[in-house]
Amino acid sequence: MIKALLLDLDETLCDTFSANERARELMGQALQGRYGAAFDGQGVARAYVKGIYRHWSDSERERYLPIIRERGENAFRLQLIRDLLAAQGVTDVSEATAQALQRKFDSDRLEAFDFYPGIREFLLEARRYFTLVVITNGPEFSQVPKVETVRLADYVDHIIIGGQEPEQKPARSIFDKALRLADCEAHEAIHVGDSLATDIAGAHNSGITSIWIQHQQPLDAELGINPGHTVLHPSEIPALIRELHPR
């Protein structure tokens, strides 16, 4: 018998990709407005999104990891903006300018951030039958505002933010915490998420049945991670949960 649903946030409950795309577009427009039509604002904005998701080269990793460890996520993002602008020949970027650009991106992203269609209603229904625990990776800096924007606490029982924990997914410790909060055993829970490497691997390592949201991603056989169940899009989650737990 299933007692708990463990749920990822980004690209599972909420359409983070679309929110990022909207904020990226507006950031690019703001940069072109500031530095001129010939300035590659959209290129810088794309690189910024890539950077904050830590899709780094080896040299970028060597540069930015110490900043994050010593001065925090905000300092890293400001330095990333300055570096990206410097690569375009803009070297006189003040702290205030970098901060304004970073805050604008965050504000625009939050304005566009929302549940996928139907997910809000699904959570309200599912909460009648299961304990709902959200487990989201990411720094407190970015995840707490997302959680607050969609008023997630109104729809689920517990929220675990990886950046506030000793370890993030796929570490077993964070899944063990979710099971304790839900007061259930691993075989009584299902974890739903879009990342094979963090959500699905973490669930399997903890003995929890998994549902992978594919989002047109290929199933990488080399990873050796096979989801318990697969859906193509978050809109398919409610039907699968009803199938696995008929009422």
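Being out of contact with any strand residue (DSSP E or B) (no Cβ under 9 Å at 6 or more places or on another chain), modelled with pLDDT under 90 and assigned to a loop (DSSP other than H, G, I, E, B) is the filter here; which residues of the stretch 205-225 pass it? Across the stretch 205-225, the qualifying residues are Q216, Q217, P218, D220, G224.
The residue that is surrounded by the most Cβ atoms within 10 Å (Cβ to Cβ), among those in the stretch 30-70 that are in contact with a Lys or Arg (Cβ under 7 Å, 6 or more places away or on another chain) and aliphatic (A, V, I, L, M), is A45. May I ask you to verify whether K169 is surrounded by 15 or more Cβ atoms within 10 Å (Cβ to Cβ), part of a helix (DSSP H, G or I) and of a type in the set (K, R)? The answer is no for K169. For the stretch 187-204, a residue qualifies if it is under 15 Å from K169 (Cβ atoms) and assigned to a helix (DSSP H, G or I), and the qualifying residues are L196, A197, T198, D199, I200, A201, G202, A203, H204. Quick check on my filter: what residues within the stretch 125-149 are in a loop (DSSP other than H, G, I, E, B) and either in contact with a helix residue (DSSP H, G or I) (Cβ under 8 Å, 6 or more places away or on another chain) or not assigned by TED's automatic domain parsing to the domain that holds D183 (or both)? Once the filter is applied, which keeps residues that are in a loop (DSSP other than H, G, I, E, B) and either in contact with a helix residue (DSSP H, G or I) (Cβ under 8 Å, 6 or more places away or on another chain) or not assigned by TED's automatic domain parsing to the domain that holds D183 (or both), the stretch 125-149 yields N137, G138, P139. When T12, T16 are screened for being in contact with a Pro (Cβ under 8 Å, 6 or more places away or on another chain), modelled with pLDDT of 95 or more and of a type in the set (S, T, N, Q), only T12 passes. Criterion first (surrounded by 15 or more Cβ atoms within 10 Å (Cβ to Cβ) and under 19 Å from L132 (Cβ atoms)) does L196 satisfy it? No: the conditions fail for L196. K50 meets each of the listed conditions (1) closer than 23 Å to E25 by Cβ; (2) charged (D, E, K, R); (3) modelled with pLDDT under 95 apart from (3). Of all residues in the stretch 84-108, those that are within 13 Å of G51 (Cβ to Cβ) have Cβ atoms under 8 Å from Cβ atoms of residues that are in a loop (DSSP other than H, G, I, E, B), 6 or more apart or on another chain, in L85/T91; L85/V93.
The values are calculated or read from the model by the stated rules, or taken from the named source; none is laboratory data. These figures come from a predicted structure and were not determined experimentally. Glycine also receives a Cβ, built like all others from the backbone with ideal geometry; neighbour counts cover every protein chain displayed.
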